[in-house]
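Trainee: I have a structure here, written as structure tokens, and I will follow up with some questions on it.
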């Protein structure tokens, strides 16, 4: 049985999510239920994370995100180096 490979450069319509997006996903996961965007880098990365379906806004706020099941699965697969 062959494993499917997963590149850290997952593509969205606007291009690869890249390392900044992956770092954001890790911070969101580490924060628990929700993560408040506090860094300028976060604001840039959240656009790609939203496009890929890895995070979602919490309520009407555009400052707080949560990790989606798809985002958690992506991080898990990266951790396993599949």
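Trainee: At a 10 Å Cβ-Cβ cut-off, how would you order 47, 58, fewest neighbours first?
Mentor: Listed from fewest to most nearby Cβ atoms, that is 47, 58.
Trainee: Quick one: if you stick a label point 7 Å off each Cα along the C-beta vector at residue 76 and residue 51, how many nm between them?
Mentor: Placing both labels 7 Å beyond Cα along the Cβ direction yields 2.6 nm.
Trainee: Working only with C-alpha atoms, what are the Rg and Dmax values of the range 17-80, expressed in angstrom?
Mentor: Computed over the Cα atoms of the range 17-80, radius of gyration and Dmax are 10.4, 34 Å.
Trainee: For the pair residue 64 and residue 33, how long in nm is the line joining their label points, each one 7 Å along Cα→Cβ?
Mentor: 0.8 nm
Throughout, read-outs are computed from the coordinates displayed, never taken from laboratory work. Small disclaimer: the values here were computed from a predicted structure and weren't measured. Neighbour counts are summed over all protein chains in view; Cβ atoms, including those assigned to glycine, are modelled from backbone coordinates with ideal geometry.
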